[in-house]
Every structure is written in C-alpha cells, then in structure tokens.
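The values are calculated or read from the model by the stated rules, or taken from the named source; none is laboratory data. Everything numeric here is computed off the predicted structure, so don't read it as measured data. Because the Cβ atoms are built from the backbone with ideal geometry, glycine has one as well, and the counts that use them run over all protein chains shown. With ligands, DNA and RNA removed, areas are computed over all heavy atoms of the protein, side chains included. Shrake-Rupley method; radii C 1.70, N 1.55, O 1.52, S 1.80 Å.
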Amino acid sequence: MDKLKTRFAPSPTGLLHIGQARTAIFSYCLARQSGGEFVLRIEDTDRERHIEEAIPRIIEDLRWLGLDWNEGVDIGPDGLPIGRGPNGPYRQSERLAIYAEHIRRLVDAGLAYYCFETEAEEKVLRAAAEAAKVPFRYPRPATFPTHADADAARAAGRPVVVRFACPAQDVTIHDDAFGDVTMPAAEMDDFVLLKADGFPTYHPANVIDDALMGVNYIVRGQEFLGQTWRHVLLRRAWGFAEPKGYCHLPLILNPDNSKMSKRDKHRLTRAAAKDALAKGGLTRAGLASRAGAEEATTTAWLDGADAAIPLAKLEHLAASLNVHLPEIDVADFRRSGYLPEAVINFVALLGWNPGQDREKFTLAELTEMFSSERVSKTNARFDRAKLLAFNTDDLAAADEPRRLAALKDFLRLNPASTIPAGNDDLLRTLLRATPTLRTLADLPAKCNVLFEADDAYDFDAAAVEKNLRKGNNAGFDVLTQLETLLASLPQEAWQIQPLHDAVETFAATNALGMGKVAQPLRVAVTGTTVSPPIADTLAILGKEKTLARIRRCLALR
C-alpha cells in the first residue's frame, strides 16, 4: 500500500460534531494503516462564525478519542494553540499571504479576475437570473480588470473580490464511496476565490494547503462532494497533482431522517421558547433575561440566527425551558458519561461495514480493518439505543483502573455532582457498588444524594406511600426496629459485609423478604428507591449520617 497522508481540517465555528469525529477517525486510520502521516489543520477563514475558544476544545476532544497527529495544530504549555511540524502555519488565518500570492498568480495568468460589485449590485444580478428562471452565473467580463483597476476600486471604497474563470469543460472525479461523479461545464460558475476582506474562500485555501502540506488522500463529508470539481480545476490551474483518492462519507441522520446537526440544539430550544411565548408563560424580556442577551439579540435568534446565542448561554436557556439538548458534539457524549471506546466503535459503523458480521472492535483493530472501499453511499441513522448498548458493554468489560480514570474525567466535566472527585478510594468503592452502569452518569444519579446534607433531599411521595405507609405503616415499623438495630452496632462493624449480614439476619428473623427491609431503609436514607446495594449505601454514608437520615424519615410517620 502507498503511504497516505491524510488530514482533518475542522472549521472552529463550534465544538467537534460527531460527524466530524467520524471523518477524523477514518482519516487517522488510513494514515496509520499505510504507515503514512495524519495532519490536523484549522480552517478558520469563516470570520463571522469563528469561535477561538473552540480550537482547544476540538483538540482536547480529539485527544479524548485517542487520536494523535504527526503535524498540525496542538496546545502549547500556556494552553494556547501552536503549530507543530514542517509545513506550518496550520491555521488558515495565518496563511493569508500564501493564498494571496497563489491567487495573484492566477490573475496574472488570466485564469482569475477582479470584480467590484457591491452586495446590492450583485443582488440585482441574482434577481434578474431568478426572474428569468435560470441559475445565476456571474457575467464574466470580456476584458479582465487589471491590478491597477483593482487598486483604484479599493481607493474608491468599492469591494474587490477575485473570481476563478472556469474553463468550459466537464469534470469527473472518482470517489471511493460514490464512484464516478461528473459536473457538466454548463452547471459551473465563476466562483469567488478571494473575498473583499482579504480572506480566501474555502476552495482555494483548502486546495493550496493540501498541496503544500503533501496531503494525498481526502476524506470528508458528502456535502463537499458536489464542490470537488472546483478543487480539481484549481489544482490544474496551479499545476498541483491530484490526490491519490477521495472518500466522501454519507450523511448521518436522526431517526426521523433529519440531518444530525449542531443546529438541532437551537431548533429544539427555539421551538420551546416560541411555545412558551405563544402561551403567555414567557415574555420577550424574560426570554432575553434567561438567555443573558439583549431583546434584539434574542429576537434575531428566534428568527433563525443561531450564532446570536452562544452555546453556553443556549444550554442555560434550554435548562430553564426544561429542554433536554441531544448529544450532537463529541463533548456532549463525553459529558454524558460515554466512553471514547464506545463512541469510536459506534461512529465507525455509521456508513462503513467491516464485513464478517463483526460489530465490536478497538481503535487499533479498526485501524487494521478499515477500508474506504467498504464505505457506503447510503445515509446512516444514528441509533442512540445501540450506542448506549455499546457503552454498557464497554463499561462492564473495563477493568477498575479504566473505569476510575473515566469516572474522574466525567466528574471533572460535571462539577455539579456532589461526589468528592479527588478521593480515589471512595470512587473505587462507588464503582464496585454500581457494577451495571449504562453510562457514567448513572453513578451520580444513584450516589449524589449520599453526599448531600442529611436534610437537603426530598422524600419521593410515591416511594413513601408504597414502602412505608402501605399496610398500616408496616414500613415505618420496620424502619423503627432497624434504627434500634443499627444504632447498637459498634463502629468497627460499619463495613459492607457486617452491615449486609445484619440486615439479612434481621429480615430472616422477622420472616421478611429483603425487599420489605431494604426498600424502607433505602427510602429513608436517600428519599427514593434508587441507590447502590443497601449495605454499600449505609457503609458509604457512615453510622452518624445513616441514623440521622432514618430519624428524619421517621418524623414523617
């Protein structure tokens, strides 16, 4: 196999989307499998939607997935992004002079030309095409403006952009997933290379960087397939070699066939906000207050401007509206308690089939198995139940050190948990007490209450009725006897096994099933019927807290 040099080149307009993660994983596998190199480049020329703080977050999430790269952007000792490798800079915003020089070469060769229309003037041109019911194609001038003309236009305050003069020829590319794809010359337009602000558009920057960085195999989403003809023409114009291959990945869809998009978070929150406004439960001023923004900003957001409300504020707004935001970004799954092993395994199967009816593999095994020829052109559906099953299996199979490391990472990202994250011995105890987790979030769901103040939790009314009041207060009677029994146990007996034996002996002596004993006790010390095994629960609480909670519950009688 030829050595492949691949790249992952996210635009930092948000966090690492799960679909982008798939692109990164497949690109990584192809490079490592062939003994080649993998590059991380940041394509940050979309200045209107650029989020600088997203860059270290993207890097961190790639590291969490277990990916590494030979060259590209990394995080320096001061926590800021730095370049690493011989072909930098690896941020496009730092490569503007390189793009300008290459684009000027095309202008000098008569392969690109300057345009000076204002936004309003271009709208008129597009409206005329729409009225004529024909696709808009920029009217290429018979004589191209000169550099001097461009300088004069700038001096006059007019916008100056550069367009590529598309040759009148069809372009066919071969894609490993979609086969041969042809773009007829009649459907091409003279697209913009350089914007008036001096930043290149996606196409020339992408082509120049791939060529100068030696990238020879392109993996990216299907949405770019219809744009690849532009890249072929630009490579020909600059004399760059074509890559060894392309692989465009199918879309990832929600179960309802909608595209799985970062915008889903805005869409769901926006719908809840509009519903609350329509029903009178929320005012425009109240919405702005919850979002931490001006009314004009929230109005723009309601009208569809997602970028008006950043993610952190959106999450706060969603919580205030009781909206559960779906996991879309890698950071979402990480914060929700999924293991990277499960995420990689599951995501790899979205649009790729390893054959042999095999579904479970590690990143190392995936690297050996992966083949771009087995990528499907059929859109993939994101089955959250299947991901949850994968994660449940991986948590069950993980050894204690792996589970401990994952739990510590989870707690670091969820500081609202009351569990003392720095106590490894305690965390190991909690993990042993909760061996059947679906996600790491199940552990604090069961255990947070054990670390709250003894009077801070509420008693679930249904649980009290069923387990304490039912049968003429039978549960309260059991609880009263247990309070006396537990109070009599010496401090040295306040360990899991002695506590288990004491409760089990009490049940047997009183001819009661363990449920008739453990559940009243569990409701008393946690407020609900959900906790680790009762002996573990009591041992974690300790004698003093256990008795205080039982006595508080008995006061409900």
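In order along region 234-249, phi translates into HN-Hα couplings of 5, 4, 4, 5, 8, x, 7, 6, 6, x, 5, x, 10, 9, 9, 8 Hz, rounded to whole numbers, per the Karplus curve 6.51 cos²θ - 1.76 cosθ + 1.60 with θ = phi - 60° and x for Gly and Pro. Residue ranges 257-263, 403-409, 307-313 sort as 403-409, 307-313, 257-263 when ordered by packing (mean number of other C-beta atoms within 10 Å per residue, highest first). Please list, in chain and number order, the residues 5+ apart from Lys5 or on another chain whose amide H is under 5 Å from its amide H, with Hs placed from the backbone. Excluding prolines and chain starts, which carry no amide H, the hits are Glu37, Asn216, Tyr217.
Of the residues Ala474, Phe459, Asn70, the one whose Cα sits farthest toward the positive end of the charge dipole of the chain, with +1 on the Cβ of Lys and Arg and -1 on the Cβ of Asp and Glu, is Ala474.
Between Glu71 and Phe38, Leu40, the built amide H atoms are under 5 Å apart, and every one of these is 5 or more places off in sequence or on another chain.
Pairs of Cα atoms under 8 Å, at least six residues apart: use those to get the relative contact order of region 23-117, whole percent.
Computed over region 23-117, the figure is 25 percent.
Of all DSSP-defined beta bridges confined to the chain, some 55% are antiparallel rather than parallel. The residue among Gly221, Pro243, Leu253 whose Cα reaches farthest toward the positive pole of the charge dipole of region 213-318, with charges on the beta-carbon of Lys, Arg, Asp and Glu, is Pro243.
Per residue, how much accessible area does the chain show when a 1.4 Å probe rolls over the protein heavy atoms, in square angstrom?
Value for the chain: 46 Å² per residue.
Pull out a ≥ b ≥ c, the square roots of the eigenvalues of the alpha-carbon gyration tensor of region 165-213, then state rounded if a/c is under 1.5, prolate if not and a/b is larger than b/c, and oblate in the remaining case. Taking the square roots of the gyration eigenvalues as a ≥ b ≥ c, region 165-213 is oblate. For the chain, carbon and sulfur atoms together expose 52% of the accessible surface, with a 1.4 angstrom probe and every protein chain in place. Scanning residues 5 or more positions from Gly245 or on other chains, those with amide H under 5 Å from its amide H are Ile218, with H placed 1.01 Å from N in the peptide plane. The charge dipole of region 1-160, taken about the Cα centre with unit charges on the Cβ atoms of Lys, Arg (+1) and Asp, Glu (-1), comes to about 520 debye, rounded to the nearest 20.
Where Lys and Arg each count +1 and Asp and Glu each count -1, what net charge lies around Ser320 among other residues with Cβ under 11 Å from its Cβ? Its environment carries a net charge of +1.
With the cut-off at 1.5 for a/c, could you classify region 32-169 from its C-alpha gyration tensor as rounded, prolate or oblate? Taking the square roots of the gyration eigenvalues as a ≥ b ≥ c, region 32-169 is prolate. Using C-alpha pairs under 8 Å with a sequence gap of at least 6, the mean separation divided by the residue count of region 225-332 gives a relative contact order of 24 percent. For region 361-372, the Karplus equation 6.51 cos²θ - 1.76 cosθ + 1.60, evaluated at θ = phi - 60°, returns couplings of 6, 8, 4, 5, 5, 4, 4, 6, 7, 5, 9, 5 Hz by residue, with Gly and Pro reported as x. The residues packed around Phe178, meaning those with a beta-carbon under 15 Å from its beta-carbon, carry a net charge of -2 if Lys and Arg are +1 and Asp and Glu are -1. Relative to the Cα centre, the charge distribution of the chain, modelled as +1 at Lys and Arg Cβ and -1 at Asp and Glu Cβ, gives a dipole magnitude of about 880 debye. The packing ranking of peptides 442-449, 78-85, highest mean first, is 442-449, 78-85, where packing means the average number of other beta carbon atoms within 10 angstrom of each residue.
Working note: Karplus 6.51/-1.76/1.60 with θ = phi - 60° gives region 448-454 the couplings 3, 4, 5, 10, 8, 4, 5 Hz, where Gly and Pro are set to x. Computing Cα extents along the principal axes in Å directly from the structure and comparing it against (1) 117, 69, 61; (2) 101, 60, 44; (3) 141, 88, 40 singles out (2). Packing order of peptides 326-336, 230-240, 2-12, highest average first: 2-12, 326-336, 230-240 (average count of other Cβ atoms within 10 Å over each peptide's residues).
Nearest 20 debye, what's the magnitude of the dipole of region 167-314 about its Cα centre given +1 on Lys and Arg Cβ and -1 on Asp and Glu Cβ?
It comes to approximately 760 debye.
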